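A quick write-up on the structure given underneath.
The values are calculated or read from the model by the stated rules, or taken from the named source; none is laboratory data. Just so it is clear, the structure is predicted and the values come from calculations on it, not from any experiment. So basically every Cβ, Gly included, is an ideal-geometry build from the backbone, and we count neighbours across all protein chains shown.
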């Protein structure tokens, strides 16, 4: 969420840093600050609130110098106050900006207090500043101090460090949080995002996990996680392929489907420790709230509602507490009974969904706390909820949601794990799931490789008018999402059912003109699902099966089977969503509909 900008140049850097912060405002934040070396000392200016408040302060108290760091903060430790804003300093000689969460900051803080260090903020970042100062006091140069300090940090971080005794150096490091180096001519920069630095350069070095770098005006040195000197490629930013441009893709929807490996990685970056979810990512005071949660109420609309239905399975299975899920447009108009200890979770891509927002406003005084899963940092749901977890999917232009859905699922699984550890979830189980989550981008890349086969499969739907989607367990909401996608963009009437419900009505619809799409991972429900599929075949229905193995369902006449790579059970709802998105996309293209702007629909539903 937070944003870092840093610069070392032969010209004044304050305006460069300020413009960088403005370009990072989309990430969401609640305070901003800057520190600049003026040739004699480090001067710092911080303000709670918007970047404009910092700009106004700079107009009154200019910071002059050629080396500086700046930051926009989203509160995780301590309230959004000026004292908690970055940069943080140790004494007058050293300043640091930090994105991420330090898991072991409390024990480090106790050690530093025992050494005589006093703390002026509630943040985990101030620990880093004092650790760096302690190392320099012991005789290390600033580069060695950074190396020793990051070795002691558990969690996620991206750092920018400056020290008055090393006025020609800007030190940076990253682990679990993004950071890039902007390469200039006689000047160099750091930023959380290339967008922050495009006003000064379009050449970037993307630091890898564990890298430490030293920037000087005329050179950049990088060391990897093992301390070896390395060279990283300098890449030119492709201005025409940004998130609001289709680039090489025919439609935004296809582009956004293909962005999913990248955005699910962004949804996890800075939030996963070695073997656990970093709960501070949910906001200041999140831990104290989660300690009191006894049940969960999820409210959402459309695609986000389907994400909530998947989360119900996860929360009740892994956390062992009740979870209710309801469509917002119904929830807000009935008398709702909410037991003590209820965590209210709203899910919305835009954060402005009218019914969901109204539901939050109706009940927020009657619940323990509210948490929103959202993609737009400055939105109403984010502002009005006690806690938030951003999906970091980036702008989603296509009306039919794709990457927003999968990143919502990632965020909800992270939420499940922080709740579960308070209700008997074993540490080794959380560690296993965290490790599986780290494999998710690669799994999605493999599924996207099946696109040509899915495009071929879509030809069977071109002349159809109805379709049925089936799933069991956590794949039942995925089937619902698949049916929604098909009807949204191809205008084919599609419905989804739990496969066990076939004989209770839907089976009457099945014939050769009703294609039946099934998601069939190889799990404990597979045998029951196969029995349901036999019922379809016995009525002449044509089956399209996305299967977990070639042995799961045998292809035959009237049965098309596409085998997906092996997937950890907990990730099946996320991975099996992608082929259904691709199927819907290709069917819509064949039918010639407006894929990105289907008729009668809006991207953000801000009215009832």
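The table below lists the values:
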{"read-out": "The range 26-50, subset within 19 Å of residue 79 (Cα to Cα) and under 23 Å from the mean Cα position of the chain (by Cα), residue modelled with the highest pLDDT", "value": "32"}
{"read-out": "Any hit, the range 296-314, residues being surrounded by fewer than 17 Cβ atoms within 10 Å (Cβ to Cβ) and at negative phi", "value": "no"}
{"read-out": "Looking only at the range 194-215, and only at residues there that are out of contact with any strand residue (DSSP E or B) (no Cβ under 7 Å at 6 or more places or on another chain) and in a loop (DSSP other than H, G, I, E, B), the one that is nearest to residue 270 (Cα to Cα)", "value": "208"}
{"read-out": "Checklist (1) touching a residue at least 12 places away in the same chain (Cβ under 8 Å); (2) within 21 Å of the chain's Cα centre (by Cα); (3) surrounded by fewer than 23 Cβ atoms within 10 Å (Cβ to Cβ) applied to residue 383, failing item", "value": "(1)"}
{"read-out": "Check on residue 62, farther than 29 Å from residue 277 by Cα, in contact (Cβ under 8 Å) with a residue 12 or more places away in the chain, touching a helix residue (DSSP H, G or I) at 6+ places or on another chain (Cβ under 8 Å) and not in a strand (DSSP E or B)", "value": "yes"}
{"read-out": "Entirely in the range 320-388, the helices (runs of 4 or more DSSP H) that have 2 or more residues that are over 12 Å from residue 301 (Cα atoms)", "value": "354-363, 380-384"}
{"read-out": "Single condition residue 167 does not satisfy, out of (1) closer than 21 Å to residue 93 by Cβ; (2) buried (at least 19 other Cβ atoms within 10 Å of the Cβ)", "value": "(2)"}
{"read-out": "When residues of the range 151-172 are limited to those that are more than 20 Å from residue 438 (Cβ to Cβ), touching a residue at least 24 places away in the same chain (Cβ under 8 Å) and outside any loop (DSSP other than H, G, I, E, B), the one nearest to the chain's Cα centre (by Cα)", "value": "159"}
{"read-out": "Residue check, residue 442 surrounded by fewer than 24 Cβ atoms within 10 Å (Cβ to Cβ) and more than 25 Å from residue 348 (Cβ to Cβ)", "value": "yes"}
{"read-out": "Sole exception among (1) modelled with pLDDT of 95 or more; (2) crowded, with 22+ Cβ neighbours inside 10 Å for residue 425, by number", "value": "(2)"}
{"read-out": "Candidate set: the range 85-103, residues that are in contact with a strand residue (DSSP E or B) (Cβ under 7 Å, 6 or more places away or on another chain) and assigned to a loop (DSSP other than H, G, I, E, B); chosen: the one nearest to residue 273 (Cα to Cα)", "value": "103"}
{"read-out": "Filter result (surrounded by fewer than 24 Cβ atoms within 10 Å (Cβ to Cβ) and modelled with pLDDT under 95) within the range 469-481", "value": "472, 473"}
{"read-out": "Residue check for residue 418: assigned to a helix (DSSP H, G or I) and touching a strand residue (DSSP E or B) at 6+ places or on another chain (Cβ under 6 Å)", "value": "yes"}
{"read-out": "Yes/no for residue 305 being part of a helix (DSSP H, G or I) and either more than 25 Å from residue 438 (Cβ to Cβ) or out of contact with any helix residue (DSSP H, G or I) (no Cβ under 9 Å at 6 or more places or on another chain) (or both)", "value": "yes"}
{"read-out": "Qualifying residue in the range 112-123 (condition: under 26 Å from residue 8 (Cβ atoms), outside any loop (DSSP other than H, G, I, E, B) and either without any contact (Cβ under 8 Å) to a residue 40 or more places away in the chain or under 25 Å from the mean Cα position of the chain (by Cα) (or both))", "value": "no"}
